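Here's the structure we're looking at; comments come further down.
Laboratory data are not the source of any read-out in this text; all were calculated from the coordinates shown. Since the model is a prediction, treat every value here as computed from it, not as a measurement. Cβ: placed from backbone, ideal geometry, glycine included. Neighbour counts: every protein chain shown.
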Amino acid sequence: MSKVVGYADAVELLGGGSPLVKALDRALGGLLLAATGGGSQLAISLFDSKAEAVRLGEWVITGLRDRTKGYGRYDRTQRLRAAHTIIAMAAFFGALDDIDLPFDVRSLALTADERRHITGVDPLVHRLAEAEAPIPVPHLDHARFRTDLRQWYGSIAGALLEFAEGLVVWEKLDQTRQRAALNAIRVDLPTAACRRYEDLHHRLAAEMPEFALWTAEQRQRAMGTALARMETVLDSFASGHGPSDVAATLIRAWRTTLDRPILSEGDVPADLVIPTLVEGYVDPDYRVRPIDTGSSPAEESWWAEAPERCDLAEFLVSHLTTPAATASPLLVLGLPGAGKSVLTRILAARLGARDFLPVRVVLRDVPAEAEIQNQIESAVRMATGETVTWPGLVRAAGLALPVVLLDGFDELLQATGVAQSDYLDRVAAFQRREAELGRPVAVLVTSRTAVADRAGAPAGTVAIRLEPFREPHVRRWLETWNTLNAVGLHRRGLAVLDADVVLRQPNLAGQPLLLMMLALYDADTNALRAAGANLDESSLYERLLTAFARREVTKMHVAATEAQLTNLVEVELLRLSVAAFGMFNRRRQWITASELDADLRALLPSALAEPSGGFRQPLNQAEKLVGRFFFMQRGQATRDGARLHTYEFLHATFGEYLIARLIMRMLTDLAEEEASAGASVFGPSGCRDGRLHALLSFSPLTNREPILAFIRELAARRFPDDARRLPITLFHRLDERTTDHDVREYQPVKAPAPDRHAAYDLNLVLLAVALNGTVRASELFPGAPDLALLWRRHALLWQATLSTTAWWAVVFTLQTRTAWDGERRDLVVVLDSETAPPPVEPYWLYRAHPGHPTRSMVSWQHTRWDGVARQSNLVRDRVNETLMHALEPLMGRIGDATTTFVTRDAETAYSIAAAVSRFHVAVLLGAGAEELLVVGEDAVHAVADGWAPLVDARVRARGIRLVHQLMPLVDGRVPDDVRNRWTGTLSSISFGAPAGGAG
């Protein structure tokens, strides 16, 4: 925030030398003199200033708009802030007339003869002179502001109470009247002040329209386009002073962009009309939250606390008229394709009114390593052709407030690879310096949501996130699209695009650029309409990507036959799939041009890696590949005079589908090779899985959840059985796998051999389960005597080699179910991210197969309970340590209970500790009678009959006591005969020590 404007500062700023202000100053100043030991013998009453403060509040509101004419945007904002401070204090003083005090306020006078050193004086005077009321801000609702205001009034009332309690008049009150006075000052005064404030607030809002925006409640409005309401709002309080020279030229440059198409002509068919920026931009909904320590704006859960709002134009204008705008940047977040860059183009064009000078800086186009001032100057030169310094531009702006729009912070992070975590702090430092030099500036920074946590946010930063389109947005956008293209579509015998058809694909329709992609796809042959309502996501992606790839290769190969076009399309999608894998294996959503070029050369034959025509520079094949598809976003930054490029999919799911698609194609090809190799006269040799290994040995497929979902969708169609079983076959060969055909040139990241082995091992299991529904451990490890042990070794290998995040992604995707293969323990492996894992099966855990003698025993114990704790101590696994921590209170008293198991019948067993714990939880948390009967029976049976012979009697007694002490709490909740039987059983047991007698 900018420098606090205290009450004394506010009075000075607005009042100057007026008699009213001088009177108030004398009142406060005299009190301050007396309080600080200045030697004044004059009796000063605090409330001599009350009437003056109330009159000053009235004076400030009346005619404030006229008194601020001729000031620029920043100066008007500061005066409005000062006016708010004054009316807030006026409300407090005025409220003294509204409360019932048991004494005359005029008697609250301080004289030298009474109390020279009253501790409450100094805090009160400074609180009154320096206090600034909470300022209403557009990112918080008015209810929250009212709460903050009342707390502020409460703090001032507390200082007043401390002052009053030190005076003689207070000591003369009896206890009853003191309590009444205390309640009036502490409770009634803040409430009355809030009431008075609301009246003054509404009057100030009527006088100053921009102040009304500071506290505007969220309103449902008609859907707007291109922030058109912004100019209407700005005109309502514009100063009338426009910029000149290069600043005026800059504004003209921004305004011309409103009439340009959203997409360049090269991206679309010639017979389609693309909406202009002003026609095609629909104002999105948004969420807004201040960022503080511990904030996680990259996380969806962090935004859940912020309500969705639909007044973006009003919010942006109100933010720019508040003091916060020049103190720290406003951070605008959104998904790729959400319209962040387009928003900055709209703002640059709409803000060019008389109160603001917008300066749009596309960070991909300016030197990444340059200071912010140099980046701004570079952007102005590119927009106007004129070289001007930043101070010169500010002077040319006149009274207009500069608003710098820094577009593409995420591209700066991605393309340079340089730590830019302090960039937002540098922005705030730039704003702070400029304000101190008399050149205040507001700044807005855009970034992808996913990288928002990589940059520290300075104090006072507010973030907004652009929300995906909802149904009204989609319909509004399609109205424009269909209006512009109805004639052309009709001429080709096609229907306009029905919104209901588009809304079947909410993930794509929610992002403006992807919505455009759907519209372009349907404009070809009404393909989206023809697909019908049952089109699943993978089928839609296949049709979309194939259609756009076909359109691009047709442009380059006009004379190609249908068969040739089909092959060229497949090659194009193959290259895009390599790009998708490059991002996936580097564990990010983007890839640099040089990385993509290296991947293409390593993975594809030269004829496929390098498109026809040849290239002089090695990066051109990557650039040309990605440049053909507008659903690939190009990031760019300039460092040391060189352009650095990155690429990402506008929608991450495009890349995830391409990964699944390529895996399925490779499995099909390898299955055919496997069949041919098996029939070779030289004997079976197996397929060559070098490229599959290269792609699947760096990152588990669980890192991107949609990949496995797409694989399951694709496998549900006609997919060869031998290809379904191939991952299991390759898993069997892992230990003897030859590396002769490995693609050693493919190195997206540095990874040691064990890590790559583990990743490939895991991905083969994931593929086997995804393709077949379930896989048994006996299928993965045929002939192994202990299947559970082998599965555990593989799982521990995955855990040991994966990052914590990657491992938890596996944990929340794969599950196992216990099974038996004869007398061998078996496991059924499934993909299940929805349901909770089944309960632990003790018989399976201790190898007690159906018919095993253990199942007829009363109880058994095969593991030392202290061995569990020692193993956890040695391994130091976080999950085990967490469980041990929860069990420590129980294990410390009856540790044997955790490893002693009791049989209920041949199908069910449980540990004594589990039985006791379940009973405790059920009793203490108010379970019903039906549950209590079951868990109570188990608990009594366990502690009465389940102890192993060598368990210490003191431990048994403690276990019995844990159950016995709950008996009074079940009285009336279970039948009396059952409770009496339980109590009798527990009371009759003796182990050489009285039940419950051991500590």
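Some observations on this one:
- Ranked for footprinting exposure by Cβ neighbours inside 10 Å, fewest first, E371, E841, E467 give E371, E841, E467.
- Relative contact order for region 653-838, counting Cα pairs under 8 Å that sit 6 or more residues apart, in percent: 22
- Multiplying each eigenvalue of the alpha-carbon gyration tensor of region 471-535 by 5 and taking the square root yields semi-axes of 18, 14, 9 Å, largest first, rounded to whole angstroms.
- From largest to smallest, the equivalent ellipsoid semi-axes obtained for region 665-798 from the alpha-carbon gyration tensor read 21, 19, 18 Å.
- Among E673, E132, the order by Cβ neighbours within 10 angstrom, fewest to most, reads E673, E132.
- Cα→Cβ-extended label distance, 7 Å offset, between H142 and T389, nm: 4.7
- Residues A51 and A206, FRET efficiency given R0 of 30 Å [Cβ-Cβ distance, rounded to 0.05]: 0.75
- Cross-link partners of K750 among aspartates and glutamates (Cα-Cα below 19 Å; sequence separation of 8 or more within a chain): E595, D597, D599, D742, D761
- Counted residue by residue at 0.36 nm each, then reduced by the alpha carbon distance between them, the extension gain from T525 to R195 reaches 112.4 nm.
- Between R824 and any residue 5 or more places off or on another chain, the built amide H atoms are never under 5 Å apart.
- Using all pairs of distinct alpha-carbon atoms, the Kirkwood hydrodynamic radius of region 726-813 works out to 14.2 angstrom.
- Per-selection Kirkwood Rh - region 228-467 (Cα, Å, 1 d.p.): 18.3
- Footprinting exposure proxy for R448, R492 (fewest neighbouring C-beta atoms within 10 Å first): R492, R448
- Gain upon complete extension [T668, V749; 0.36 nm per residue less C-alpha separation]: 26.4 nm
- At 1.567 mPa s and 4 °C, Stokes D of region 755-884 from Kirkwood alpha-carbon radius, µm² per second: 79
- 13 Å reach of a label modelled at A459, 7 Å along Cα-to-Cβ, counting backbone N of region 270-297: 292-293
- Two-site FRET efficiency, L874 against T293, from Cβ-Cβ distance with R₀ of 45 Å, rounded to 0.05: 0.80
- Between M632 and L650, the built amide H atoms are under 5 Å apart, and every one of these is 5 or more places off in sequence or on another chain.
- Taking 0.36 nm per residue of separation and subtracting the current Cα-Cα distance, fully stretching the chain between L734 and L969 would add 78.7 nm.
- Taking the convex hull of Cα positions in region 859-987, its mean projected area over all directions (nm²): 8.4
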